[in-house]
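The values are calculated or read from the model by the stated rules, or taken from the named source; none is laboratory data. Everything numeric here is computed off the predicted structure, so don't read it as measured data. Cβ sites come from the backbone with ideal geometry, for glycine too, and all protein chains shown count toward neighbours.
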Amino acid sequence: MKLSVLGPAGTFTDMAAKAYLQTQPNAQITLDYHPTFDQVYQAVSGNDLGLLPLENQLDGYVSATLQRLQSADVTEIGEITIPVDFGLVSNVSDLSQIKRLYVQFKTEGQCQVLITQLPSVQIITTASNMISLEKFQTGQLGDAAIIPQSQLAEVSGALKLNHVADQRDNSTRFILFKANPASLEMLSQTSLTADYFKAPLFITPAINDRPGTLYEILGYFAKANLNLVTLMSLPTKSQLGMYAFYLEVSGHRKQQEVLFTTLQELASKYQVHLLGYYAV
Ligand SMILES: O=C(O)C(=O)C[C@]1(C(=O)O)C=C[C@@H](O)C=C1
């Protein structure tokens with residue numbers, strides 16, 4: 001079985017995948033690296049798995065992943081959270097001499113304190129932290145890159161700064177998914193291997209330009225005593241001002257039945273796109 005991740009090897013996605021593999025000592029899983037999120041996503045088919053970042057503690061949701069989930073036919077089978085820490089490397093010895101900075105697009109939002117100290121530096125956004133490192137290694141004088149802190153000792157540079165994220169306490173949550181579409185019927189029959197579950201889903205009202213739509217949706221969960229841990233709205237893209245709600249429900253597996261009856265009730269009134277029901 002293949003597990004597709006963002007490459008080259010050394011990205012945080014790669015680290016999260018390796019942390020997952022440690023929990024599956026008997027599975028025959030090989031890592032398959034791709035340079036962009038899109039390519040990771042496209043590479044997952046059949047029984048194979050993919051891993052994408054969903055949420056960062058400092059910079060919030062990864063909208064590229066959320067947007068894919070919105071239109072995707074996938075089943076999320078788990079999630080994994082790992083600490084995230086960055087360092088800066090440059091081939092010039094002082095911050096004031098840096099001309100170009102390679103930084104992954106989600107990393108940029110996590111290192112704002114440092115980046116605002118470099119107002120005249122050209123920021124070159126990359127698709128992965130290891131691509132930032134590769135670009136730096138093949139670049140020119142005046143280059144710098146923000147890279148995983150764990151790579152800093154391996155790379156040579158005139159300037160190295162440790163722990164450049166805005167906060168030392170920082171982590172990213174990743175989701176693990178399969179290519180087959182999730183359905184309420186299929187997931188309602190799943191037996192969990194742990195006591196607690198998470199169920200991510202999209203709910204799209206046909207018309208949301210009327211008072212009380214969200215209040216009404218939330219009422220179904222409140223009435224069933226189901227805990228919502230995430231609520232976001234995302235454009236449906238069909239028309240300006242039309243939004244879908246992304247929710248994550250969490251609870252105890254004793255609530256499995258009430259979860260699925262609640263989702264069935266909601267599905268009779270709204271478009272419900274369940275993405276998974278997995279152990280956490
Ligand atoms: O570029 C990487 O190292 C990744 O694994 C991607 C990614 C992300 O897009 O969120 C993963 C964790 C960090 O939040 C920064 C970058």
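Within region 240-252, being surrounded by 14 or more Cβ atoms within 10 Å (Cβ to Cβ) and either at pLDDT 95 or above or farther than 26 Å from Thr65 by Cβ (or both) holds for Phe245, Tyr246, Leu247, Glu248, Val249, Ser250, Gly251.
Residues in region 44-88 that are charged (D, E, K, R), part of a loop (DSSP other than H, G, I, E, B), away from the ligand (no atom under 15 Å from the Cβ) and closer than 17 Å to Thr13 by Cα: Asp48 only. The residue of region 131-153 that is farthest from Ser93 (Cα to Cα), among those that are of a type in the set (A, V, I, L, M, F, W, C) and surrounded by fewer than 16 Cβ atoms within 10 Å (Cβ to Cβ), is Ala153. Consider region 1-43 and keep the residues that are under 20 Å from Arg68 (Cα atoms) and of a type in the set (A, V, I, L, M). The one that is farthest from the ligand (Cβ to nearest atom) is Ala43.
Within region 121-138, the set of residues being farther than 18 Å from Asn162 by Cβ, in contact with a strand residue (DSSP E or B) (Cβ under 7 Å, 6 or more places away or on another chain) and more than 9 Å from the ligand (Cβ to nearest atom) comprises Val121, Gln122, Ile123, Ile124, Thr125, Lys135. Only residues that are closer than 19 Å to Leu141 by Cα and within 16 Å of the ligand (Cβ to nearest atom) were counted in region 93-114, giving 3. Selection of strands (runs of 3 or more DSSP E) fully inside region 121-212 by the criterion of at least 3 residues being among the polar types (S, T, N, Q) returns 122-126. In region 202-214, the condition of being touching a Pro at 6+ places or on another chain (Cβ under 8 Å) and buried (at least 17 other Cβ atoms within 10 Å of the Cβ) is met by at least one residue.
Do we find that Ala145 is on the phi < 0 side of the Ramachandran plot and either away from the ligand (no atom under 12 Å from the Cβ) or modelled with pLDDT under 95 (or both) in this structure? Here the answer is no, as Ala145 does not meet what is asked.
When Ile207, Ile175 are checked against the criterion of being assigned by TED's automatic domain parsing to the domain that holds Ser63 and of a type in the set (A, V, I, L, M), a single residue qualifies: Ile175. Of all residues in region 106-120, those satisfying the criterion of being in a helix (DSSP H, G or I) and surrounded by 15 or more Cβ atoms within 10 Å (Cβ to Cβ) are Lys106, Thr107, Glu108, Leu114, Ile115.
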